[in-house]
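Reviewing the structure listed below.
Read-outs throughout are calculated quantities, based only on the coordinates presented, and are distinct from any laboratory measurement. On a predicted model such as this, the values are computed, not experimentally measured, just so you know. Neighbour counts run over all protein chains shown; Cβ positions are idealised from the backbone, glycine included.
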Amino acid sequence: MSRLIKAVIDSQALRANLARIREYAPRARVMAVVKANAYGHGLVPTALALADADAFAVARVEEAVALRGAGIGRPIVLLEGVFNAAQLAEAAQLQLDVVVCDPAQIELLEGYSGAHRFLVWIKIDTGMNRLGFRPEEFPAAFDRLRALGPRLRELRLMTHLARADERGAALTQQQVARFHALTQGLGLTTSICNSAGTLTQSTPADWVRPGLALYGVSPFPGEDARSFGLTPVMTLESSVISTRRVPRGESVGYGGSWITQRDSYIAIVAAGYGDGLPWGLPSGTPVIVDGKRAALAGRVSMDMVAVDVTDNPAVHVGSRAVIWGPDLPVEEIARGARTIPYELLCAVSQRVALALR
Ligand SMILES: *Cc1c(COP(=O)(O)O)cnc(C)c1O
């Protein structure tokens with residue numbers, strides 16, 4: 001691989017994280033969430049590495065097309081379902097399981113005349129107020145779907161937690177209680193927890209739906225993935241393409257926003273917002289250059305960043321630079337950038353080479 005910037009994907013870590021998640025939910029099956037290009041880790045290689053997952057979950061039909069095209073035969077769940085008859089036909093052809101969260105999606109199923117018998121996950125809105133049937137709407141939706149009888153293969157029930165990443169949030173308990181009140185006694189398969197809910201063992205259900213935790217990243221602000229026994233999967237790394245000495249008192253980069261406080265040694269690294277780094281990454285953000293932590297100096301450019309490596313004179317053209325990875329958690333970079341690790345991972349652009357290890 002000749003491209004300088006690459007996202008090195010540790011497939012062994014992916015599998016270890018899946019095994020670790022199973023320890024948190026020993027009786028549940030695992031739907032591995034691989035939407036958004038597997039959170040930037042590469043959809044197909046990630047799914048192939050996680051062949052052990054009980055099912056895969058995606059957000060878009062195209063993502064499912066790619067998985068089936070790669071020979072993935074496991075169940076695939078469309079987390080937001082389908083939005084027109086053409087998508088429903090495609091879902092039938094690819095044997096996708098669909099979430100139904102809106103009356104318009106029930107109508108699509110009622111109008112479906114093909115031979116496929118869908119497995120349908122009914123989504124109940126227990127307090128997220130984003131998708132799903134509100135508790136008072138659920139019985140009617142459930143009856144309508146049940147009326148499809150043998151035209152459906154199975155009905156299952158799910159909800160999504162809004163604040164599972166905040167330990168002790170009252171809303172989580174309320175959501176779980178509402179879900180149980182609506183669904184107990186129906187005898188149907190259920191799913192509630194994302195990564196945060198799974199790691200805090202918020203509530204048992206038949207399936208868990210981890211995304212972020214699979215990638216070895218913590219959904220809890222301020223809590224390290226390693227404290228959950230998870231291993232970071234992605235190392236975003238590049239190379240130093242130039243170095244320079246900049247005398248004290250001069251500015252570096254666009255806008256002159258960073259000024260040397262001493263005679264400085266600056267490394268230019270081939271990684272910029274064109275690769276997915278946030279433009280707003282502040283000066284001082286850690287970057288590992290040639291094995292040592294150094295600090296971002298000045299604004300992120302489209303193709304490059306400058307790093308103050310004054311304390312590491314061994315840095316040279318070709319030195320390896322790590323933007324994030326096992327020794328520099330993406331959670332830490334996200335905090336500094338006032339965002340969440342999800343966004344940083346998903347933003348890794350097409351220009352970055354994915355290298356499976
Ligand atoms: C994305 C998504 C998940 C995974 O969330 P993580 O926080 O990454 O574990 C689970 N369920 C649904 C419905 C989702 O959309």
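For TYR39, TYR215, which order do you get if you count the other beta carbons within 10 Å of each Cβ and list the fewest first?
Ranking TYR39, TYR215 by Cβ neighbours within 10 Å, fewest first, gives TYR39, TYR215.
Could you tell me what % of all Cα pairs in the stretch 64-176 have separations over 25 Å?
Summing the P(r) of the stretch 64-176 above 25 Å gives 27 percent of all pairs.
In a Gaussian network model over the chain where Cα atoms closer than 10 Å are linked, find which of THR260, THR172, THR235 has the largest mean-square fluctuation.
For the chain, modelled as a Gaussian network with Cα springs under 10 Å, the answer is THR260.
Classify the stretch 68-134: rounded, prolate or oblate, from the alpha-carbon gyration tensor (a ≥ b ≥ c, eigenvalue square roots; a/c under 1.5 rounded; otherwise prolate if a/b is larger than b/c)?
Taking the square roots of the gyration eigenvalues as a ≥ b ≥ c, the stretch 68-134 is oblate.
Note the direction-averaged projected area, equal to a quarter of the hull surface, for the Cα convex hull of the chain, in nm².
19.1
Could you work out the relative contact order of the stretch 249-357? I mean the mean sequence separation of Cα pairs under 8 Å and 6+ apart, divided by the number of residues, in percent.
Across the stretch 249-357, relative contact order equals 27 percent.
Once you put a point 7 Å from the Cα of VAL317 and another 7 Å from the Cα of THR339, both along the Cβ direction, what distance in nm separates them?
Between VAL317 and THR339, the label points sit 3.1 nm apart.
Can you put CYS193, CYS346 in order of Cβ neighbours within 10 angstrom, beginning with the fewest?
CYS346, CYS193
Can you work out the Karplus-derived ³J(HN,Hα) for every residue in the stretch 222-239? Use 6.51 cos²θ - 1.76 cosθ + 1.60 with θ = phi - 60°, whole Hz, and x for glycine or proline.
x, 10, 6, 4, 5, 5, 9, x, 9, 10, x, 8, 9, 10, 8, 9, 8, 10
Could you list HIS116, HIS41 so that the one with the fewest beta carbons within 10 Å of its beta carbon is first and the one with the most is last?
HIS116, HIS41
Just need the relative contact order of the chain here, percent rounded to a whole number, with Cα pairs under 8 Å and 6+ apart.
18
In whole angstrom, note down how far apart the Cα centers of the stretch 207-257 and the stretch 279-338 are.
8
So who's got an amide H within less than 5 Å of the one on ILE124, skipping anything under 5 residues away but keeping other chains? H placed 1.01 Å off N, in plane.
Those qualifying (amide H under 5 Å, at least 5 residues apart or on another chain) are PHE133, MET158, THR159.
Rounded to two decimals, what is the ratio between the C-alpha radius of gyration of the stretch 223-331 and 2.2 N^0.38 Å?
Normalised by 2.2 N^0.38 Å, the Cα Rg of the stretch 223-331 equals 1.07.
Select from GLY318, GLY187, GLY272 the residue whose mean-square fluctuation is largest in a Gaussian network model of the chain (Cα-Cα springs shorter than 10 Å).
Maximum fluctuation in the GNM of the chain, among the listed residues, is at GLY187.
With label points built 7 Å along Cα→Cβ from the Cα atoms of GLN173 and ARG151, find their separation and express it in nm.
In this crude label model, GLN173 to ARG151 measures out at 4.3 nm.
Using a Gaussian network model on the chain with a 10 Å cutoff between Cα atoms, which of GLY127, GLY291, GLY71 fluctuates the most?
With Cα springs under 10 Å in the chain, the top fluctuation among GLY127, GLY291, GLY71 is at GLY71.
Which FRET efficiency, nearest 0.05, do ARG29 and LEU186 yield, Cβ-Cβ r, R0 25 Å?
Using R0 = 25 Å, I get an efficiency of 0.85.
What are the ³J(HN,Hα) couplings of the stretch 334-343, residue after residue, when phi is run through the Karplus curve with 6.51, -1.76, 1.60 and θ = phi - 60°? Round to Hz, x for glycine and proline.
5, 4, x, 8, 6, 9, 10, x, 3, 5
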